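Only one structure is covered here, and it is reproduced in the block below.
Derivation of every value follows stated rules applied to the coordinates shown; laboratory data play no part. Model, not experiment: these values are computed from the prediction. Cβ: placed from backbone, ideal geometry, glycine included. Neighbour counts: every protein chain shown.
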Amino acid sequence: MRASLVTHHHKGEVIGPVLGSRGWHLEMIDADTDSLGTFSGDVARPADPVETARRKAQLGRGHSHAPWLVASEGAISAGLLGLARDVEWVVAVPREGAGSVVGVAQSLDVAAFALEIRPGMPDREIAERVAAGLEGGHHLLALRHDHCEPSRGALASVDDVLRACATLGVDSARRVQTDYRAHLCPSRRPVIAAAAEDLAVRWATPCPRCGRGGFGPQSPLSGRPCASCGTPTAEPLGRWWVCPWCAVREARVDNPSPVNASACPTCNP
Ligand SMILES: [Zn+2]
Ligand SMILES: [Zn+2]
């Protein structure tokens, strides 16, 4: 399988070995994917993450003769118990025509440092508090809330952070946070690799109707039965498997065991 990986942030180091081990031949295309939105908020992301990944991949059209174009996108959001949730997608689109195969993975182990810097906060206090955000080889990014100045990213040391905060204006409201760009954020990389692995697995799974690769689980299938009366509940029974090309879908049951009557709409309305 020949494909081109469209990336601006060295994701080839992460995605390349995964897809390579599955027999893909990847060439790299460097494109200004930041034009489609950045984690810092300097450039707004107009589309949802999967659509953004598709558009990134399509930037490779005209720069590649490979039949497939690959790109990735991630989204960091607040998850349960205050943990950050990282969802990563790695998407393959055909060079000609519509459609895509989407690999996905998620994690609650992503770094999520954030420190609000009030106007006039002393350097010593900033220095003490940002050190935790640099652990594990993570980089930080400093931004002004009003985005009057471009954010300063790739900050690798406490001194880098202090300099960046000063140049953004000591009288302004600023924030120092994890720089989520893939090459600067080690805790995102295994999640991106897992999404690439998921893409490869889907790719190799043919649709039972049209036969094209890409068949895989997409959305939850509810309906585990109540242990008391057998009524289907909202608890997940399995997943809907969907073909991205012909849209055929198939209910696949993973866990048919009954659930407690407390989850039953009949026994516990
Ligand atoms: Zn199909
Ligand atoms: Zn019941």
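Net charge near HIS9: determine it from the other residues with C-beta under 14 Å of the C-beta of HIS9, scoring Lys and Arg +1 and Asp and Glu -1.
Values: positive: LYS11, LYS56, ARG181, ARG188, ARG189; negative: GLU13, ASP30, ASP32, ASP34, GLU73, GLU88, ASP179.
Net of charged neighbours comes to -2.
How charged is the neighbourhood of PRO67? Take every other residue with its Cβ under 14 Å from the Cβ of PRO67, and add Lys/Arg as +1 and Asp/Glu as -1. Don't jump to the answer; show the numbers that get you there.
Details: positive: ARG2, ARG61, ARG95, ARG212; negative: GLU27, GLU96.
Value of the local net charge: +2.
With a 4.7 Å Cβ cut-off, tell me which Cys residues in the chain come up empty for a partner.
Cys with no partner Cβ under 4.7 Å: CYS148, CYS165, CYS185, CYS229.
Could you grab the relative contact order for the chain? Cα pairs under 8 Å, six or more apart, rounded to a whole percent. All intermediate terms of the calculation are to be shown ahead of the outcome.
On the way: 588 pairs, mean separation 39.2, N = 269.
Contact order relative to length: 15 percent.
Running Debye on region 154-269 with equal point scatterers at the Cα sites and no solvent, what base-10 log of I(q)/I(0) appears at q = 0.15 Å⁻¹?
The computed values of log10 I(q)/I(0) come out as -0.81.
Considering the zone a paramagnetic label at ARG85 would reach in this model (a point 7 Å from Cα along the Cα-to-Cβ line), which residues of region 43-75 have amide N under 14 Å from it?
75
Let me understand region 114-183 better: what is its radius of gyration from the alpha carbons, and its Dmax, in angstrom?
For region 114-183, the Cα-based Rg and Dmax read 10.8, 32 Å.
Just to compare against my own numbers: the Cα pair-distance distribution for the chain, 10 Å bins, whole % per bin, please.
7, 24, 27, 21, 14, 7, 0
Quick one: if the Förster radius is 35 Å, what FRET efficiency do SER222 and ALA114 give, using the C-beta to C-beta distance and rounding to 0.05? List each step's numbers first, then the result.
Values: r = 35 Å, r/R0 = 1.00.
My answer for the efficiency is 0.50.
Can you give the FRET efficiency to the nearest 0.05 for ALA131 and HIS25, using r as the Cβ-Cβ distance and R₀ = 30 Å?
Numbers: r = 43 Å, r/R0 = 1.43.
FRET efficiency, ALA131 to HIS25: 0.10.
Run the simple label-point estimate for ALA166 and TRP240 please: 7 Å along Cα→C-beta, distance reported in nm.
My value for the distance between the label points is 5.7 nm.
What angle do you read, to the nearest 10 degrees and between 0 and 90, between the alpha-carbon axis of helix 189-203 and the longest principal axis of the chain?
30 degrees
Given N residues in region 216-263, what is Rg(Cα) / (2.2 N^0.38 Å)?
Numbers: Rg = 12.4 Å, N = 48, 2.2 N^0.38 = 9.6 Å.
This ratio for region 216-263 stands at 1.29.
Applying a 10 Å radius around every beta-carbon, put 107-116, 86-95 in order of their mean neighbour count, most first.
Values: 107-116: 17.3, 86-95: 24.5.
In descending order of packing, they fall as 86-95, 107-116.
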